[in-house]
Amino acid sequence: MDKVKTLIIGSGPAGFTAAIYAARADLNPLLYTGMEPGGQLTTTTEVDNFPGYPDGIDGPTMMVELQKQAERFGTEVRIGHIYKVAFSNEVGGTHKAFLEDGKEIHANSVIISTGATAKYLGLPSEQRLRGGGVSACAVCDGFFYKGQEVAIVGGGDTAAEEATYLANICSKVTMLVRKDQMRASKAMQHRVTNTPNIELKYNHEIDEVIGDQVVEGLRIFNNQTGEKQEIKITGLFIAIGHKPNTEIFKGQLEMDEDGYLITKGKSTKTNIPGVFASGDVQDKEYRQAVTAAGTGCMAALDAERYLQAL
Ligand code: NDP
């Protein structure tokens, strides 16, 4: 059993930024990376929109640098997956986290930065071409398809927003919606239908992503008529939702109907004293590395103030 002032769960931009701030505040944070050290950014190629990198940086390198920065100030980073937590409802209480190897961590404060996972269709051809033209983040990767034809799957607000974002960069966007209507808000739907270079295909799904090393096209089908068709594209964006990684907090922390952690007002405070949430795990709206880092900073400041007041 280890006892720490601050336990940080998750190693994306939120977790490492929280670690930098917590370490500099002498909280000697212990950070557990989770199953995917570095988080979602390790699955992207170039990050061009994080301030301070005028020439861009690739996602995995950026995460290594963030980790180094956190360690420089005394963060202990451990690779490991916490599978269970037992939070105390008392102010000043001890929060417990349990690891698969039998280790137990007791912490005075906990910062949750477990992120969210993009949903994919699950087609073998889609999985094979992830990083080769298949992406789940238009804002991250859209720029690489400047002037080219791309497709996007989904009918929610994310898909609608990303389709209009891509339409500004790409020559044509084919939007594939599996039902005969979109789930997106009416305002977002109007934006899509009023954008001339977005072609909407209702009742359409993907059979196969075509391409060996990189995406060259799609075989799609109409799920009402069965009619198949091939379209030529170079980029495929999947926008069918994200799943926040909050399974282990169910029954202890307040969540919205989609499982995102609820934080209080402008703070990172959860409903449990001494437990804070930052990054995508509490944000289904912005989901950017820089916003995640911002809330990571906030969580460390909130934790520091909480501990100081005990
Ligand atoms: P949603 O869950 O709202 O939408 C997912 C979309 O993907 C639906 O159209 C769904 O279709 C479709 N879909 C799901 N699985 C598949 C599949 N296997 N094949 C094809 N299509 C599929 O997710 P979003 O990420 O769009 O939004 C999440 C939340 O964030 C929402 O509450 C949204 O309102 C909010 N949001 C708000 C924004 C804003 O206000 N600016 C911007 C972005 C998100 P179907 O309808 O058939 O189930």
Least to most buried among 267, 11, by other C-beta atoms within 10 Å and fewest first, runs 267, 11
Here the chain gives, from Cα atoms, an Rg and Dmax in Å of 21.0, 66
Bounding extents of segment 109-168 in its principal axis frame from Cα atoms, largest first in Å, are 49, 28, 22
Long-range share for segment 120-238, i.e. C-alpha pairs more than 21 Å apart as a percent of all pairs, stands at 30 percent
Dipole check, the chain, charges on Cβ (K,R +1; D,E -1), about Cα centroid: among 49, 94, 259 the Cα furthest to the positive pole belongs to 94
Gyration tensor (Cα only) of segment 201-310 to equivalent ellipsoid, semi-axes in Å sorted down, yields 43, 16, 10
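For a 26 Å ceiling on Cα separation, which of these pairs sit above it: 186/250; 68/284; 179/284; 96/119; 264/284; 201/250? List each step's numbers first, then the result.
Values: 186/250 32 Å; 68/284 28 Å; 179/284 23 Å; 96/119 30 Å; 264/284 15 Å; 201/250 38 Å.
Listed pairs above 26 Å: 186/250; 68/284; 96/119; 201/250.
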For residue 146, counting only lysines whose alpha-carbon sits under 17 Å away and dropping same-chain residues fewer than eight positions off, the answer is 172, 232
Computed from every Cα-Cα pair in segment 163-230, P(r) in 10 Å bins starting at 0 and rounded to whole percents is 20, 44, 33, 4
Only helices counted: for the chain, with every DSSP H run of 4 or more residues adding -39500 (n - 2.57) and the sum spread over all residues, [θ] at 222 nm is -7500 deg cm²/dmol
Farthest towards the positive end of the dipole of the chain, among 196, 209, 13 and with Cβ unit charges of +1 on Lys and Arg and -1 on Asp and Glu, lies the Cα of 13
With +1 at each Lys and Arg Cβ and -1 at each Asp and Glu Cβ, the charge dipole magnitude of the chain around its Cα centre, to the nearest 20 debye, comes out at 540 debye
Ignoring trypsin sites (Lys or Arg not before Pro) buried by more than 16 other Cβ within 10 Å or outside DSSP loops, the longest site-free run in the chain is 1-102
In segment 120-238, taking the dipole from +1 charges on Lys and Arg beta carbons and -1 charges on Asp and Glu beta carbons about the Cα centre, the listed residue (181, 236, 136) farthest towards the positive end is 181
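May I ask you to sort 190, 106, 95 by Cβ crowding, counting other Cβ atoms within 10 Å and putting the fewest first?
Result, fewest neighbours first: 190, 106, 95.
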As a percent rounded to 5, the proportion of antiparallel DSSP bridges among beta bridges in segment 120-238 is 40 percent
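Read-outs throughout are calculated quantities, based only on the coordinates presented, and are distinct from any laboratory measurement. What you see is a predicted model; the values in this text were computed from it and never measured. Heads up, the Cβs are rebuilt from the backbone with ideal geometry, glycines too, and the neighbour counts pull from every protein chain shown.
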